[in-house]
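The values are calculated or read from the model by the stated rules, or taken from the named source; none is laboratory data. Bear in mind that the values here come from a model prediction, so they are computed numbers and not experimental data. Counting neighbours? That spans all protein chains shown, and the Cβs are built from the backbone with ideal geometry, glycine included.
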Amino acid sequence: MKKHLIFTLMVVFTLGMLTSCQYDFYVPELPDIDPEVDVSFSQEITPIFSAKCLNCHGGNIPPDLRPENAYASIVPARVNLDVPNDSKIYTKPLPDGSHAAKYSDAEAALILTWIEQGAKNN
């Protein structure tokens with residue numbers, strides 16, 4: 001009898017926990033990026049690196065993402081123009097990635113667009 005009561009209470013507790021869960025799905029708000037307007041490496045991409053990456057990649061750990069060295073450090077070694085989604089400079093710091101510093105969803109979208117546009121040094 002006691003085992004039956006404990007089992008029943010466990011089932012009721014488990015069902016109560018499962019039905020009380022609430023999930024809030026996060027849908028990121030991405031900026032409207034006009035694919036016809038070139039993303040500027042110097043004006044839009046290097047500021048992301050400066051804000052997020054320079055603590056580690058400021059000259060001691062490759063790639064060197066200081067503004068004066070960033071382009072030469074990532075293109076072509078970490079940029080895949082054939083399959084932009086596979087570019088290491090894009091995939092490694094993705095918001096759901098394992099890298100210490102992570103891009104925001106908007107920053108990731110901007111970097112991917114820059115790569116899709118040919119990763120120009122502009």
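Restricting attention to region 65-85, which residues are more than 19 Å from the chain's Cα centre (by Cα) and charged (D, E, K, R)? Once the filter is applied, which keeps residues that are more than 19 Å from the chain's Cα centre (by Cα) and charged (D, E, K, R), region 65-85 yields ARG66, GLU68, ASP82. Of everything in region 78-97, what is of a type outside the set (S, T, N, Q) and closer than 17 Å to CYS53 by Cα? Give them in sequence order. Result: ARG78, VAL79, LYS88, ILE89, TYR90, LYS92, PRO93, LEU94, PRO95, ASP96, GLY97. Scanning region 80-117 for residues that are under 14 Å from PHE41 (Cα atoms) and part of a loop (DSSP other than H, G, I, E, B) yields one hit, GLN117. The single residue among TYR103, TYR71 that is in contact with a Ser or Thr (Cβ under 9 Å, 6 or more places away or on another chain) and crowded, with 17+ Cβ neighbours inside 10 Å turns out to be TYR71. Being touching a residue at least 24 places away in the same chain (Cβ under 8 Å), among the hydrophobic types (A, V, I, L, M, F, W, C) and surrounded by fewer than 17 Cβ atoms within 10 Å (Cβ to Cβ) is true of LEU81. Determine, yes or no, whether ALA51 is closer than 15 Å to ALA106 by Cα and either aliphatic (A, V, I, L, M) or loosely packed, with under 11 Cβ neighbours inside 10 Å (or both). Yes.
Counting the residues of region 74-96 that are in contact with a Ser or Thr (Cβ under 7 Å, 6 or more places away or on another chain) and farther than 22 Å from VAL37 by Cα gives 2. Checked against the criterion of being farther than 21 Å from ASN122 by Cβ and either at pLDDT below 90 or among the acidic types (Asp, Glu) (or both), region 81-88 has at least one qualifying residue. Give the residues of region 9-65 that are in contact with a helix residue (DSSP H, G or I) (Cβ under 8 Å, 6 or more places away or on another chain) and either modelled with pLDDT under 70 or in a loop (DSSP other than H, G, I, E, B) (or both), sorted by residue number. The answer is PRO28, GLU29, LEU30, PRO31, ILE33, PRO35, VAL39, HIS57, PRO62, PRO63, ASP64, LEU65. The test for being at pLDDT 95 or above and either out of contact with any strand residue (DSSP E or B) (no Cβ under 7 Å at 6 or more places or on another chain) or surrounded by fewer than 14 Cβ atoms within 10 Å (Cβ to Cβ) (or both) does not hold for ALA109. Checking each residue in region 78-122 for being out of contact with any Gly (no Cβ under 9 Å at 6 or more places or on another chain) and of a type in the set (Ser, Thr, Tyr) picks out SER87, TYR90, SER98, SER104, THR113.
Within region 37-50, being closer than 13 Å to ALA70 by Cα and either over 17 Å from the mean Cα position of the chain (by Cα) or of a type outside the set (Asp, Glu) (or both) holds for PHE41, SER42, GLN43, ILE45, THR46, PRO47, ILE48, PHE49, SER50.
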